[in-house]
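Student: Could you have a look at this structure, given as structure tokens, before my questions?
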Amino acid sequence: MLRAVLMIALLGSLFWSGCDLSSPDPPVVKDAFLLGTVVTIRAHGDQPDDELREILEDTMTLMDEVGSQLSVYEPTSEINAINREPDQTTTVSDDLRYCLEIGLRIAEKSEGAYDPTVGPLVDLWRFYDDEPESPPDYRDIQERLDQVDYRRVDLQNNTLQLEAGMALDIEAINKGYAADQARDYLRQQGVSGALVSAGVSSVAALGTAPEGRLWRVGLEHPRRAGEVYAAINLEDGECLSTSGDYQRYFEHEGTRYPHILDARTGWPGQSFQAVTVLADNSTFADALSTALFAMKPEAAFELVEQLEDVEAVFILATGERTLSSGMEERLEILE
């Protein structure tokens, strides 16, 4: 059954804040339904709570505006305007340019496992429109693959050339970019500490939790809903992104088909239950976790070890857990 997992509470979610809400200086918490999911911001600072709530409200507005312009599910978005008229030279916004630069970088490093031109394949699988009952026909997938190739995207500064028949889809980056924007805006407003959680996929930390502690974040078990199997303390500027086969998927003839596609084959990744990436940029972490999930284990492990200031947790399809070399000292296993 297709399942969309939303973060709606402090516990029982993919991510949770480890700060003590009963402390003398608890954070102000703001929730909103944005970007197709529940976004939560926990923040504290020298400002009065009323002023802090206004800042959080403005932050949510910013995230909504940025995310909407980059979403293929908003009919009037910038990205849809481009997709409706490909094969033309277009001037794109700084937001879209930045996301495409990140996406193309990850596409190259993953040899196309992640690809920002995956739109034609996403449309075919229809994960976001309804509940699929079976995979698309193999021949249809092969035909759509001809329209997917990040190497045919011509991006020069803010000038974009997209070939006819191709379509951009950066939903795998959208929430991460919104989280980055929110964290940067909160910093500009003088907020001492904040934890931005954009749905189940993206978390960005600012400063420290109340009383100077680090923001403590938990990871939900991909096969035991609501059970947190590990925790990690995030320092200022650090981000987490998780891609998993338990967020949106359907089952057909005993096989689970998650919504994360390997853009090289047109089929969902099958090697992992979940991949969590730790990095200092949420946009980058979002794209990378998507790419790693679609890759074969050995190639995914090797890529993470090649990247500086990036760590990861891999839960294989078998349930076996593997950590990158630097993650072993950061992750606390709670099971």
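Throughout, read-outs are computed from the coordinates displayed, never taken from laboratory work. Because the structure is predicted, anything quoted here is derived from the model rather than measured. Cβ sites come from the backbone with ideal geometry, for glycine too, and all protein chains shown count toward neighbours.
Student: Relative contact order, percent, of region 78-170 when contacts are C-alpha pairs under 8 Å separated by at least 6 residues? List each step's numbers first, then the result.
Tutor: On the way: 115 pairs, mean separation 42.6, N = 93.
For region 78-170, the relative contact order is 46 percent.
Student: Using a cut-off of 30 Å between alpha-carbon atoms, which lysines can reach LYS30, once sequence neighbours fewer than 8 places away in the same chain are excluded?
Tutor: LYS175
Student: In addition: Between the DSSP loop rule and a limit of at most 14 other Cβ atoms within 10 Å, which trypsin sites (Lys or Arg not before Pro) in region 88-139 are left? Display every interim value, and only then the final one.
Tutor: Working: sites: ARG97, ARG105, LYS109, ARG126, ARG139; in loops: ARG126.
Hits after loop and neighbour filter: ARG126.
Student: Mean-square fluctuation check for the chain, GNM, Cα pairs under 10 Å: which of LEU104, LEU70, LEU307 is largest?
Tutor: Maximum among the listed residues: LEU307.
Student: How big is the dipole moment of region 78-170 about its Cα centre under a simple scheme where the beta carbon of each Lys and Arg is +1, that of each Asp and Glu is -1, and everything else is neutral? Debye, nearest 20, please. If you can, show how the numbers build up before the last one.
Tutor: Numbers: 9 positive and 22 negative charges, 71 e Å.
Dipole size: approximately 340 debye.
Student: Please give me, ordered by residue number, the GluC sites (Glu not before Pro) of region 270-314 that lie in loop per DSSP and have at most 11 other Cβ atoms within 10 Å.
Tutor: On the way: sites: GLU298, GLU302, GLU305, GLU308, GLU311; in loops: GLU308.
When the GluC sites (Glu not before Pro) of region 270-314 are filtered for loop state and at most 11 Cβ neighbours within 10 Å, GLU308 remain.
Student: Still on this structure, please answer the following. For region 78-170, evaluate the Debye formula with one uniform point scatterer on each Cα (no solvent term) and list log10 I(q)/I(0) at q = 0.14, 0.21, 0.23 Å⁻¹, rounded to two decimals.
Tutor: With one equal scatterer per Cα and no solvent, log10 I(q)/I(0) is -0.51, -1.06, -1.21.
Student: A further question on this structure: With contacts defined as alpha carbon pairs under 8 Å and 6 or more residues apart, what's the relative contact order of the chain in percent? All intermediate terms of the calculation are to be shown ahead of the outcome.
Tutor: Working: 731 pairs, mean separation 70.3, N = 335.
It comes to 21 percent, rounded to a whole number.
Student: Which loop chymotrypsin sites (Phe, Trp or Tyr not before Pro) in region 152-223, with loop taken from DSSP, have no more than 15 other Cβ atoms within 10 angstrom of their Cβ? Walk me through the numbers before you get to the answer.
Tutor: On the way: sites: TYR177, TYR185, TRP215; in loops: none.
Within region 152-223, no chymotrypsin sites (Phe, Trp or Tyr not before Pro) qualify (loop, at most 15 other Cβ atoms within 10 Å).
Student: Treating region 136-293 as a set of equal point scatterers at the Cα positions, no solvent, please give the Debye-formula log₁₀ I(q)/I(0) at q = 0.15, 0.17, 0.19, 0.20 Å⁻¹.
Tutor: -0.90, -1.06, -1.19, -1.26
Student: In straight Cα distance, which lysines are under 18 Å from LYS296, not counting same-chain residues fewer than 8 positions off?
Tutor: Answer for LYS296, where 18 Å is the Cα cut-off: LYS109, listed by chain and number.
Student: About its Cα centre, how strong a charge dipole does the chain have in debye, to the nearest 20, once Lys and Arg get +1 and Asp and Glu get -1 at the Cβ? It would help to have the intermediate numbers written out before the result.
Tutor: Details: 26 positive and 61 negative charges, 107 e Å.
My answer is approximately 520 debye.
Student: Semi-axes of the chain's equivalent ellipsoid from the Cα gyration tensor, sqrt of 5 times each eigenvalue, largest first, rounded to whole Å? Before the final figure, lay out the partial values.
Tutor: On the way: eigenvalues 195, 114, 63 Å².
After diagonalising the Cα gyration tensor, the semi-axes are 31, 24, 18 Å.
Student: Per residue of the chain, what 222 nm ellipticity follows from adding -39500 (n - 2.57) for every DSSP H run with n ≥ 4, rounded to the nearest 500?
Tutor: Values: 8 runs with 100 residues, N = 335.
Mean residue ellipticity at 222 nm (helix-derived): -9500 deg cm²/dmol.
Student: Quick one: what are the phi-derived ³J(HN,Hα) couplings along region 201-210, Karplus 6.51/-1.76/1.60 with θ = phi - 60°, whole Hz, x for glycine and proline?
Tutor: Rounded to whole hertz, the list is 9, 9, 9, 10, 9, 10, x, 10, 6, x.
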